Every structure is written in C-alpha cells, then in structure tokens.
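Let me begin by presenting the structure, written as structure tokens, before commenting on it.
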Amino acid sequence: MLHYPEQFDGIGIVDQADWTNPKRVVYKPRPFGAQDIDIKIECCGVCGSDIHTAAGNWGDLPKPVVVGHEIIGTVVRKGAGCTSDDIKVGDRVGVGAQCFSCLKCHRCQNNNESYCAKCVTTYGQFFDDGYCSKGGYASHIRVQEHFVIPIPENIPSEYAGPLLCGGNTVFSPLLRNNVGPGKKVGILGIGGIGHMGLIFAKALGAEVYAISRSSAKKEDAFKLGADHFIATKEEPDWAEKYYDTLDLVVVCAGSLKDVDFEHLPHIMQVGGRIVSISVPEQSEQIVLKPFGLLGVSIENSHLGSIEEIKQLLKLVSEKNLRIWIEKYPINEANIHTIFERMLKGDVRYRFVLTDYEKEFN
Ligand SMILES: [Zn+2]
Ligand SMILES: [Zn+2]
C-alpha cells in the first residue's frame, strides 16, 4: 500500500555495514513548499554516485539512505507558487542530480546553479532545515520547480533517465568547450558516462577518440561513435603517436588513480583542456608536475545546468539518439544484484530500474 502523500515508500540503506542489501523503507518527505513539485516515479537510472553514497565513501549519512538521481515520472502535485507553464499535473518530467539551489546568486543567475553554495544534490545532502535529501529508488520525489524538466515525447522514459545526471555531466563540458565540427575530442573511460560521451560528441559533429586502458571495449566504442580508439596499456607509444592532437579530453573514469596525468597532456593541443567529471572517494588526491601542463589546462566539472539538460534532451530528441541500457524491475533483490555488478564493473552501459508501479502500489 502506498503511503503518499504523508510518507514516501522507497528502498534504502538501513545498515551501513550491509549497504549492498537495501531494504524497503517508509519515510517522511520535506514539508511541501509553494515552489515544490511532487513526482510519482516511473523509472530511475543507476549512477556511480549511487554506489559511492550507498557505500558511505562520501561520508556517513542518516538512515535510510535512498539514492537515485536519474528520475523520470509524472507530476502529481504542483505548489501554488510555481511559475512555469511548461509543467502541469499529469506531465512526464525528469529530475537529475540536483534538487535545490538558491536561484538568486550570481552563479544561479548565470546557468551555474550546480556551483551554487546552496546547491542540494538529489540525495545524501542536507537542506538548511537539516533534512537529508532522498532520491529516486522510491515511489515519489519532492523537488523545487526549477529542477523539474519536461521530457520530449519521442524519448522513452528508460532512455531519458540516465541523460539527466550521467548524460548531462559529460554533455556540459562538451558544450562549454564548443565541441562541434573540426574539434577533436577524447573521452577517457568508457563506462556508463563515457559511453554517453562518445554518442554526444559524435552527434555534435566532433572527431571522437575513445581512450581506455585495454581494447576490451573497442568494438563497442566504434559502434557508439568513436572514430579512433587508444588503448593506453596496450600501445606503449600512445603519447607520442597522438602528440598534439586533441582539443578536449573529458575524463569519465570513476577514479583518477589510474589516469596517466604524466602523458595525457602530450596528446593535447596548446590551449587544450582536460576536464574531469570524476567524483572519487573523498581521500583521493592527484599529483601533477607543473611542467607537464605547459599550454594545457585541467579542471573538474560538477554536473551541469538545467539549461544544458534541456539542450541535451533536444539533441537526443532531434537526432533520435539512444544510449545503451539494461533494465531491472525495482525491488530489494535486484538492487542488490545491480550493486554487486556495478562493483565488478559488469555493466554495459547503464542500469535502469523500472516497474515502479508493481513494487510500490
Ligand atoms: Zn549521477
Ligand atoms: Zn545560488
């Protein structure tokens, strides 16, 4: 039986020591505000951040920990203070990795709300009132209107979900570096996010280089849109071979420990940028030699803006792009299986939890 609207039903971590076995939980949402929207969830992608958060890699959180931030569902309630005419009760919408920001500061006003000092991520972060946000492995989610995004009709829900966090996280650096025809773009790390990076960079018209340690994903990479494949562990001379080639590399590896920052700058053109979207364990550090970075910059990007998500959805809709997904009906056992497979890297390339109606109604 559904507990909405007083409470939400979800599947969350209740015991940190047993985090790979989430359990059915019932919890109170934040009080409904005038600018809030309630969404009845239909499906949700599984992001690497879900695993880090569930495992406690980014710190201990109050239980239950309910993750999931590639959410698609239907609007069931709209606050009296909502201003957008694009979103009505009954509409299919999505929510990505961010659910709140101040909307007033310089950053928010300039499409950088993911860099707002008041940014609250969709799960595992605290609002000013002390409530810890809870995500999409649940019957419903309550979100500030600004972070609710209409989904174009021709993108099926399961294919739309992963665009909202993973997809936009790789798309934002592509947009911000003007990726298009004539640009040479490397996608380093061909996993859940990297596979989307290949698809989008190609769709934007760039010449695309997939960069991986081994050639295990070479065939997939070409199917996804790569024009070139660099296997750094199998081609000892890769840094010389591709010297002075790339305008941009987006580092999509889950951790930076194995990224070769010694040689990577060699393959960049002067003015080239290495943008990492990785959010590794809190203790991780990278070591850089300043002279290795002559003419090349390196930065870390965080999510992307709502405007960028809208542009991504437009691109995917117009070009009829399809990411590669594997679906699992949501329930305790399947989330356990997914967590175990994610830990082994056994995913090609994005899991999506489906059949919410069956589990929660
Ligand atoms: Zn994510
Ligand atoms: Zn702000």
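Values as computed for the structure displayed
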{"quantity": "Pairs from LYS88/LYS134; LYS184/LYS241; LYS184/LYS217; LYS183/LYS233; LYS63/LYS358 whose Cα-Cα separation, in the structure shown, is over 18 Å", "calculated": "LYS88/LYS134; LYS184/LYS217; LYS183/LYS233; LYS63/LYS358"}
{"quantity": "All-pairs alpha carbon distance profile, segment 234-295, 10 Å steps from 0, percent", "calculated": "21, 51, 26, 2"}
{"quantity": "Extension gain, HIS106 back to GLU262 (0.36 nm per residue minus Cα-Cα distance, nm)", "calculated": "52.6 nm"}
{"quantity": "Inter-label distance, nm, simple model (7 Å from Cα along the C-beta direction), ALA231/GLU326", "calculated": "2.1"}
{"quantity": "Normalised convex hull volume, the chain, alpha-carbon set, Å³ per residue", "calculated": "134"}
{"quantity": "GLU153-ALA117 pseudo-label distance in nm [points 7 Å out on the Cα-to-Cβ vector]", "calculated": "4.5"}
{"quantity": "Gaussian network model of the chain, springs between alpha carbon atoms under 10 Å - residue of TYR137, TYR243, TYR209 with greatest fluctuation", "calculated": "TYR243"}
{"quantity": "Chain lengthening between LYS241 and SER283 when straightened (0.36 nm per residue, less Cα-Cα)", "calculated": "11.7 nm"}
{"quantity": "Degrees, to the nearest 10: 306-319 long Cα axis against longest axis of the chain", "calculated": "70"}
{"quantity": "Projected area, mean over directions - segment 166-300, Cα convex hull, nm²", "calculated": "7.4"}
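Read-outs throughout are calculated quantities, based only on the coordinates presented, and are distinct from any laboratory measurement. A quick note: this is a predicted structure, and the numbers were derived from the prediction, not measured. Here Cβ is always computed from backbone atoms with ideal geometry, including for glycine, and neighbour counts include all displayed protein chains.
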